[in-house]
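Step one of this worksheet: look at the structure below.
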DNA sequence: GTCAAAATGTAGTACAGGCTACAAATTACA
DNA sequence: TGTAATTTGTAGCCTGTACTACATTTTGAC
């Protein structure tokens, strides 16, 4: 098959001049890595929500809203901190950095757009909300624009 | 706050009579578990593809198509076997069980539908294919029906 | 001010999915 | 047929996400 003179397998090289299967591989790879950001996005959005509605975002509340144990929430919050999206003062709650706020806002807008689109297509509100939760993390900018365009011009 | 007299936290109980936050929690939980099936779905679909086009589905080909190492592919194939979706004879390739075939078919139909919808909304083919790869795993039956309905009546 | 309850944090475990490195089987071909 | 290349399989490691169990800090009620 005339592979490159390397030992490893996944094509982490140049990227670009690959045949059909390369395209597919890149697509799947993208999907996978998106999963790791999905959770961060959910947390950022929820924290922004809590901050706005309650004035503070406590790990316990975050855990309850997300349906996970507080331990899990705390660990994920650590990831947020590592990613420079949030800060936290022990027993004083979690806060978003500027970067975190920006992310939360993008996510919020995107979520609304996806829900609105689904509803416009005739999906019942409840299902639209539920599905959007999963879908939103995989909608590219281009697709998002198409959604907005469709909603505007109908 | 009047919690239930249990020690644990995530509400794995009855499910149903919870306030607003319960709904949200259940929604997120669903999203999470969907991720574990997404990969099985991708594999099932790809294996069906290879079986149809090549006559056989070898771990190496699967790995290449998915952009992962063959070791990773083999591990995932083991999961498929454990889930009763596939069988494999060493050095003879991977095969789908009836259940696996059924899943692959459902996934194929759903994928087409999602891509068609995106394209109908004006998303360029390439982006539609790419986004569908992530989106499709989170589209419920209800939403799927709405998509079909929309495509038919436009 | 003390003490119990609640919130928070930490440790240890499990599993999925990813990798590399190495081993073994099969296939291809000289 | 014997050997090299390819394919397949296994082992060990890492990270992310989840859990339970236990420890610690705060808070609140008395």
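Here, each number is a calculation from the coordinates, and none is a lab measurement. Computed from a prediction, not measured in an experiment: that's the story for all the values here. Using ideal geometry, Cβ is built from the backbone for each residue, glycine included, and neighbour counts are taken over all protein chains shown.
Here are the numbers for the structure shown:
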item: Relative contact order of the stretch B:102-152, pairs being alpha-carbon contacts under 8 Å that are 6 or more residues apart, as %; result: 45
item: Nearest-ten-degree value, helix B:98-120 long axis tilted from longest Cα axis of chain B; result: 80
item: Spatial separation of Cα centroids for the stretch B:32-105 and the stretch A:90-113, in angstrom; result: 38
item: Using alpha-carbon coordinates, inclination of helix B:125-135 to the longest axis of chain B, degrees; result: 50
item: Label-point separation in nm, residue B:23 to residue A:105, each point 7 Å along Cα→Cβ; result: 2.8
item: Sequence of B:91, A:138, B:43 once ranked by neighbouring C-beta atoms within 10 Å, starting from the fewest; result: B:91, A:138, B:43
item: Residues A:106, B:92, A:65 arranged by fewest to most Cβ contacts within 10 Å; result: B:92, A:106, A:65
item: Order by protection proxy (mean Cβ within 10 Å, highest first), peptides B:147-153, B:80-86; result: B:80-86, B:147-153
item: Gained length - residue A:145 relative to residue A:54, 0.36 nm times residue gap less alpha-carbon distance; result: 29.5 nm
item: Test item: A:25-37 mean partner chain Cβ contacts at 10 Å; result: 5
item: Normalised contact order of the stretch B:25-97, rounded percent, pairs of Cα under 8 Å and 6 or more residues apart; result: 29
item: Packing rank of B:139-145, A:69-75, where each peptide gets the mean count of other beta carbons within 10 Å, highest leading; result: B:139-145, A:69-75
item: For A:65-73, mean number of other protein chain Cβ atoms within 10 Å; result: 5
item: Taking chain A and dividing mean pair separation by its residue count, relative contact order in percent (alpha carbons under 8 Å, at least six apart); result: 19
item: Label 7 Å beyond Cα on the Cβ vector: residue A:116 copy-to-copy distances, nm; result: 2.7
item: Ascending list, in nanometres, of distances separating the residue A:89 label from those of the other copies (7 Å, Cα toward Cβ); result: 6.9
item: Shielding score for A:144-153, defined as the mean number of other chain Cβ atoms within 10 Å; result: 3
item: CD proxy at 222 nm, helix term only [per DSSP H run n ≥ 4: -39500 (n - 2.57); per residue of chain B; nearest 500]; result: -22000 deg cm²/dmol
item: Exposure proxy ranking, count of Cβ atoms within 10 Å, fewest first, for A:129, B:56; result: B:56, A:129
